[in-house]
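Each value in this text was obtained by applying a stated rule to the coordinates, not by laboratory testing. These figures come from a predicted structure and were not determined experimentally.
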Ligand SMILES: [Zn+2]
């Protein structure tokens with residue numbers, strides 16, 4: 001068996017490929033990171049090499065010390081990962097206090113993890129604490145309908161959550177916590193990483209105005225499904241707006257009824273008329 005055949009690497013490749021097929025990853029847009037489980041590490045360890053230098057993460061994520069992450073390489077196209085995983089993705093190990101990383105596998109032709117690695121690490125860190133270590137996947141995509149929607153709806157968590165929930169009945173079930181929205185910020189830096197991780201304390205979905213979407217989840221399928229659901233709801237919202245706007249839609253009581261049926265707790269702030 002070689003590295004690319006390991007189940008978690010296959011899961012990563014399938015998700016990146018599916019995202020590319022959706023049209024969410026033009027050029028080198030978007031990135032995906034996965035925190036390895038102890039079982040993954042056991043399987044992957046024979047392939048690791050420890051000859052690369054330690055590099056500053058620019059953020060300190062103490063609770064992720066010594067963890068391993070499978071990550072997209074910076075400048076790499078997600079559509080190419082399936083043809084050449086070794087050249088386009090890498091596994092990075094964090095040091096003891098989560099302030100540095102080193103590449104232990106992959107990016108055989110050189111390179112570094114995605115420029116959004118600080119955002120990913122901070123999101124992993126927040127979600128690690130918030131979910132007791134259940135969340136393993138952070139995914140960023142350039143989702144066209146969500147981006148279009150940031151052109152017409154102000155960055156307000158309540159307005160966005162209600163707009164998305166109202167567009168498709170499935171939404172409050174798939175993201176009962178709602179979504180957080182950031183105004184435009186410079187991407188790739190520490191500031192947007194901090195702002196996104198603040199949203200991730202409360203939500204599994206963070207939207208970057210005029211840019212795209214970040215989601216967090218337990219595994220590849222659930223995280224991809226969350227991204228897909230948010231993007232589809234945004235698409236329905238935009239189609240409805242293009243068709244002359246909402247003439248009828250779901251009401252607060254409908255959400256309360258869904259929550260009762262599925263045993264969900266929907267935050268009060270999203271249930272005001
Ligand atoms: Zn991006």
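Structure notes:
- Pairs of Cα atoms nearer than 8 Å and 6+ residues apart set the relative contact order; for the stretch 3-270 it is 19 percent.
- Helix axis angle, 190-200 relative to the chain longest principal axis, alpha carbon, degrees: 60
- Our summary gives the stretch 28-157 a relative contact order of 31 percent, counting only alpha carbon pairs under 8 angstrom and 6 or more residues apart.
- With the gyration tensor restricted to C-alpha atoms of the chain, the semi-axes of the equivalent ellipsoid amount to 34, 19, 17 Å, longest first.
- On Cα atoms only, tilt of 117-130 relative to the major axis of the chain in degrees: 70
- Between the stretch 107-172 and the stretch 205-273, the Cα center-to-center distance that results, in Å: 13
- Per residue, the average separation of C-alpha pairs within less than 8 Å and at least 6 apart gives the stretch 170-231 a relative contact order of 33 percent.
- Fraction of antiparallel bridges per DSSP, the chain only, in percent to nearest 5: 90
- All C-alpha to C-alpha distances of the stretch 72-148, sorted into 5 Å bins beginning at zero, yield P(r) values of 3, 13, 21, 22, 20, 13, 7, 1, 0 percent in whole numbers.
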